[in-house]
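Reviewing the structure listed below.
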Amino acid sequence: MTAIVSVTAKPRAGKPAKSSKPTSKTARKAPAPVSALPDANALRVEQGWQELLERGLQRKTELLRSTEFKTTGQASELLGIGEPAVRKRIREGKLFALQTPGDGEHRIPAWALDPAIAGQATVALLSDVQGGTDEWQLHHVLTTPNGALNGLRPFECLMSRLHLPPSARAAREELVAHLQLPANGSLLEVVRRVVAVDLDDVDGAA
């Protein structure tokens with residue numbers, strides 16, 4: 001009996017053997033349509049801005065609910081006037097206040113209730129920025145230490161002397177002496193100029 005031998009055909013010289021695996025062209029996925037990419041990127045950017053906006057609103061709400069701010073009811077007790085009168089002063093620009101995101105209720109910084117700030121000083125500051133500055137930008141400038149004011153925050157230059165901590169009181173006295181103003185001279189005009197410059201810088205950065 002003759003044995004049957006299995007013979008495998010050899011590839012011809014010079015030609016590589018065919019592979020049963022799919023080629024790289026077959027395995028490669030088709031690229032996404034170019035027209036779809038900008039829409040996806042725009043969506044991600046929009047989502048990012050929305051998240052930033054929500055975090056910003058949350059921080060503002062938390063700040064306004066802190067002890068640094070007073071409600072109109074608390075302000076009425078501290079000022080010894082009715083709550084409607086407090087709201088009227090806010091509308092007339094005689095009392096600086098910020099609105100709570102969402103409900104629109106006003107919150108007044110504790111320093112804005114100082115007798116030396118509420119009234120004439122507030123009217124002057126707000127009249128300088130009417131229609132062109134966000135109230136939060138003004139608050140930021142008024143509460144940021146300023147080198148042109150000997151490191152004081154602008155509102156500290158306007159507060160009643162007795163309501164200032166000793167360090168701020170000493171810094172203000174140095175500033176007054178440097179500017180050659182009377183010992184009890186007002187720094188309102190100086191603050192107005194400094195605030196105007198800082199607000200221009202804020203607007204330019206935005």
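Quick look at the numbers
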quantity: Residue 93 being surrounded by fewer than 19 Cβ atoms within 10 Å (Cβ to Cβ), touching a helix residue (DSSP H, G or I) at 6+ places or on another chain (Cβ under 8 Å) and closer than 22 Å to residue 67 by Cα; calculated: no
quantity: Count of region 159-181 residues which are more than 26 Å from the chain's Cα centre (by Cα), assigned to a loop (DSSP other than H, G, I, E, B) and closer than 22 Å to residue 119 by Cα; calculated: 2
quantity: The lone exception for residue 191 - which of (1) touching a residue at least 60 places away in the same chain (Cβ under 8 Å); (2) hydrophobic (A, V, I, L, M, F, W, C); (3) assigned by TED's automatic domain parsing to the domain that holds residue 70 it fails; calculated: (3)
quantity: Odd one out for residue 86 among (1) at pLDDT below 95; (2) outside any strand (DSSP E or B); calculated: (1)
quantity: Scan of region 133-152 for residues that are without any contact (Cβ under 8 Å) to a residue 40 or more places away in the chain, under 18 Å from the mean Cα position of the chain (by Cα) and not in a helix (DSSP H, G or I), ordered by number; calculated: 134, 143, 145
quantity: Which numbered condition residue 124 fails, given (1) surrounded by 15 or more Cβ atoms within 10 Å (Cβ to Cβ); (2) assigned by TED's automatic domain parsing to the domain that holds residue 178; (3) assigned to a loop (DSSP other than H, G, I, E, B); calculated: (3)
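Results for (1) surrounded by fewer than 13 Cβ atoms within 10 Å (Cβ to Cβ); (2) in the same structural domain as residue 177 (by TED's automatic domain parsing), shown as yes or no for each residue.
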{"site": "99", "(1), (2)": "no, no"}
{"site": "104", "(1), (2)": "yes, no"}
{"site": "108", "(1), (2)": "no, no"}
{"site": "129", "(1), (2)": "no, yes"}
{"site": "134", "(1), (2)": "no, yes"}
{"site": "139", "(1), (2)": "no, yes"}
{"site": "146", "(1), (2)": "no, yes"}
{"site": "149", "(1), (2)": "no, yes"}
{"site": "152", "(1), (2)": "no, yes"}
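The values are calculated or read from the model by the stated rules, or taken from the named source; none is laboratory data. Everything numeric here is computed off the predicted structure, so don't read it as measured data. A quick note on method: Cβ atoms are made from the backbone with ideal geometry, for glycine too, and the neighbour counts reach across all protein chains shown.
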